[in-house]
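Step one of this worksheet: look at the structure below.
Any read-out appearing in this document is the output of simple, stated calculations on the displayed coordinates, not a laboratory observation. Source: prediction; values computed, not measured. Every residue, glycine as well, gets a Cβ built from its backbone with ideal geometry; the counts of neighbours run over all protein chains shown.
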Amino acid sequence: MTTTGTDRDALHRRLHRIEGQVRGIERMVEQDAYCIDVLTQVAAASRALQSVALLLLDDHLHHCLTEAAQAGPNLHTQKVTEASQAIARLVRS
């Protein structure tokens, strides 16, 4: 990953926030919270993870694919295929 220190710090903070959300969901389940409230929090955590995935994908497209294109067509083709597969996994999830 070729993110700058600032970008990496922001990503790290987002992931810690998501970790807290998941712990909160765990507590809600332990406390037998209303199912719809738990599901609402699960959806929020899922959206937050998708947001992180999109940031990582954007970074990959802007940095890794650019570097691969400069390295040559074989590596570039490989990286494009990897990106396409990652996008397909994101869309299916």
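Points to keep in mind about this one:
- Net dipole in debye of the chain [+1 Lys, Arg Cβ; -1 Asp, Glu Cβ; about Cα centre; nearest 20]: 100
- Once C-alpha pairs closer than 8 Å and six or more residues apart are averaged by separation and normalised to the residue number of the range 5-92, the relative contact order reads 24 percent.
- Scanning the chain for DSSP H helices at least 24 Å long along the axis (C-alpha atoms) with a Kyte-Doolittle mean no lower than 1.0 picks out 35-59.
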